[in-house]
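Report on the following structure.
What follows is calculated from the coordinates using simple rules that are stated; it is not laboratory data. It should be emphasised that the depicted structure is a prediction, and the values quoted were computed from it without experimental measurement. Reconstructed Cβ throughout: ideal geometry from the backbone, glycine too, with neighbour counts over all protein chains shown.
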Amino acid sequence: MDNLCKLGWLASEILLKDSFKKDNYRAQDIGLILSNANSSLDTDQKYMESVNDIPRSSLFVYTLPNIVTGEICIRNNFKGEDAFFLFDYFNAAFIENYVNNLLDNNVLQACICGWIELVGDEYKAVLFLVEKLKSKDAVAFTKEQMNKIFED
Amino acid sequence: MDPEVFIAGVGIITAIGNDVAECLCSFEKGLAGMADIAYIDTKHRHNIPVAEVKLSNNELAKIACISSAISRTTLLGLIAAKQALKDADIANLSSLRTGIISANTVGGMDKSEFFFKDFVANNSKGKLRNVFDHECGCVTEAIADQLGIKDFMTTISTACSSSANAIIYGARLIKNDLLDVVIAGGTDALTKFTLNGFNTLMILDKEYCKPFDENRQGLNMGEGAGYVVMVSSKVTKKMKKALYCNLSGYNNSNDAFHQTASSPDGTGSYLAMKGALEKSGLKPMDIDYINLHGTGTSNNDNTEGTAIKRLFDPDYPPMSSTKSFTGHTLGASGGIEAVFSVLAIRHGIIYPNLRFETQMHEFSFAPEKKILKDQTINHVMSNSFGFGGNCTSLIFSRI
């Protein structure tokens, strides 16, 4: 697993470890909408370095940003819609709009969304679990709340 | 009721033709686009066949009316997107809310690779102006600029299902009344990065690929671009030209099995096809043609076939992989194959699956070997499955 996937994997483990009741949902009703600014650049560079010697398939498979969504899906058996978007900055308004649309139209019943960014030693992951029923400690799913949590 | 989304125009450039008419002509004649590598500079020339668009960057730039200094990915995308908009022929487009959702996986990497060679040898060498459009979003921005699209633009990168997902997203923007017109699809040029990468995965056929054949040996890489112009029902009322069809169903599901391989029971592809059928309100027996993902790899064709068996057995519609003509165009394939699906409805044709000889022992069905004409085709399913388990099915329906 490359570093971007490890980061996403760990962040999703922390997000889901306490209160998330996966069994309340069908696998195809849980999805992921993720974003970052630099796609899979960290591994793209490592793969390009390997091309000078022997191109390594173990690196090539991680040269796509949506492999991290795949890894989280594999880990948790999530089979719902997933996508990976690239923005210069954390675009909470876009995420709010996109995820609300998926939930309102019953494409998904629960969605993990947010930001997973890693280049070299610098990284940041902020994930949100969005569900239709309010659980204890939950806050409303708005761009303002997401931006506040993202900046904290 | 869910608002309808209509297909008003199509545009395409692939190894089998630089526009719709040329592609249809190649299907008719059974001419594949694969050949010895002629344009991309790589040591794999003469060893691995690929399906290149048969034009140099200078020739592409002339057609696109733009500088040849930009990425080949952008050149291809611009040519196909321009065709699609011209084909749709929407009067007073500037008064409508118009967006572009374009997918690609390589961005301007073709230019970066060219830059890289000199730069690595001597870091004072290499021209930075050759790498300004490296990232995927730059490709979409350049196309949007040239088309004068200002209301909305974004880029999707989910591997080989990218441009099918662009079409889903575009449809949602129309259904939610956020846009009136969306140009959606994708573009990808051949690069050393992807050619070497797929080669390390050992899934490239050294001969011309044979999708869904018992003795298939892998895929051939291709390049190109394909876009559809989608419009809301409000827009259709003012249009003079006949619409092609509508996008009646779609679904994206995750296989949740492996980074690059698909699951033996084809869960992701099964859920995508089933979900698209449910969305459209159709039954499996309503589908008149499946444009397969059909890469020609052992893994894909087996799992896609298994998923089709689960959903369609015992009555299978005609099916074929047009990748036997165009090669696998990665991020562009969903857009290119959406265009072929739309044209199948318009012209009543089912494309042949070239070089198919031996039925896979796992299945009781086989793809079409010969072109079928004068067919009544009401509903076409188009499959696009990508790395990361990202599986998408689209359904286009006659109106």
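At a 10 Å Cβ-Cβ cut-off, how would you order A:Y25, A:Y62, B:Y169, B:Y227, fewest neighbours first? Please report the intermediate quantities before stating the final value.
Values: A:Y25 16, A:Y62 25, B:Y169 22, B:Y227 38.
Fewest-to-most ranking of A:Y25, A:Y62, B:Y169, B:Y227: A:Y25, B:Y169, A:Y62, B:Y227.
Taking 41 Å as R0, compute the FRET efficiency from the Cβ-Cβ separation of B:N122 and A:F94 and round it to 0.05.
Numbers: r = 42 Å, r/R0 = 1.02.
E between B:N122 and A:F94, to the nearest 0.05, is 0.50.
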Worksheet item: Got a sec? Which residues in segment B:111-135 would a label at A:E122 touch, if it sits 7 Å along Cα→Cβ and we count backbone N under 18 Å?
Response: B:135
Discussion item. I'd like the FRET efficiency for A:D23 and A:Q145, computed as 1/(1 + (r/R0)^6) with the beta carbon distance as r and R0 of 35 Å, rounded to 0.05.
Written reply: 0.85
Practice prompt. Can you pull the one-decimal nm distance between simple spin-label points at B:A38 and B:I399, each 7 Å off the Cα toward Cβ?
Written response: 3.9
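With a ≥ b ≥ c taken as the square roots of the eigenvalues of the C-alpha gyration tensor of segment B:247-397, please select rounded if a/c is under 1.5 and otherwise prolate if a/b is larger than b/c or oblate if it is not? Write down the numbers at each step before the final one.
On the way: a/c = 1.36, a/b = 1.18, b/c = 1.15.
Rounded.
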Practice prompt. Please turn the phi angles of segment A:6-16 into ³J(HN,Hα) values with the Karplus equation 6.51 cos²θ - 1.76 cosθ + 1.60 (θ = phi - 60°), one per residue in order, whole Hz, x for glycine and proline.
Written response: 4, 4, x, 4, 5, 4, 5, 4, 5, 4, 9
Worksheet, complete the sentence: Within segment B:306-344, the residues whose backbone N lies under 20 Å from a label point placed 7 Å from the Cα of A:N77 along the Cα-to-Cβ direction are B:307
Discussion item. I want to check the label-to-label distance for B:Q359 and B:D374. Put each point 7 Å from Cα in the C-beta direction and report it in nm to one decimal.
Written reply: 2.7
Practice prompt. In whole Hz, with x marking every Gly and Pro, tabulate ³J(HN,Hα) for segment B:386-399 from phi via Karplus 6.51 cos²θ - 1.76 cosθ + 1.60, θ = phi - 60°.
Written response: x, 4, x, x, 7, 10, 10, 10, 10, 10, 9, 10, 4, 10
Worksheet item: When we measure straight from the Cα of B:K279, which lysines land under 23 angstrom away, once same-chain ones fewer than 8 places off are left out?
Response: A:K79, A:K132, B:K175, B:K234, B:K309
Discussion item. Taking a ≥ b ≥ c as the square roots of the Cα gyration tensor eigenvalues, with a/c under 1.5 meaning rounded and otherwise prolate when a/b beats b/c, else oblate, which class fits chain B?
Written reply: oblate
Worksheet item: On average, how many beta carbons from a partner chain sit within 10 Å of the beta carbon of a residue in B:376-387?
Response: 1
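Name the shape class, rounded, prolate or oblate, that the alpha-carbon gyration tensor gives for segment B:124-267, where a ≥ b ≥ c are the square roots of its eigenvalues, rounded holds for a/c under 1.5, and otherwise prolate holds if a/b is larger than b/c and oblate otherwise.
oblate
Determine the calculated [θ] at 222 nm for chain B from helices alone, applying -39500 (n - 2.57) to every DSSP H run no shorter than 4 residues and normalising by the residue count; nearest 500 deg cm²/dmol. Present the calculation step by step, with values, prior to reporting the outcome.
Working: 12 runs with 135 residues, N = 399.
Theoretical 222 nm ellipticity from helices: -10500 deg cm²/dmol.
Per residue of B:148-154, how many C-beta atoms from partner chains lie within 10 Å of its own C-beta, taken as a mean? Let's see the in-between values first.
Numbers: counts 0, 0, 0, 0, 0, 0, 5.
Per residue, the number of nearby Cβ atoms from other chains is 1 on average.
Counting DSSP beta bridges with both partners in the protein assembly as shown, what percentage is antiparallel, nearest 5?
Just about 60 percent of them are antiparallel.
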Worksheet item: Considering every residue in B:193-199, what mean count of other chain Cβ atoms within 10 Å of its Cβ is obtained?
Response: 5
Discussion item. Less than 15 Å Cβ to Cβ from B:L24, Lys/Arg counted +1 and Asp/Glu -1: what total charge do the surrounding residues give?
Written reply: -3
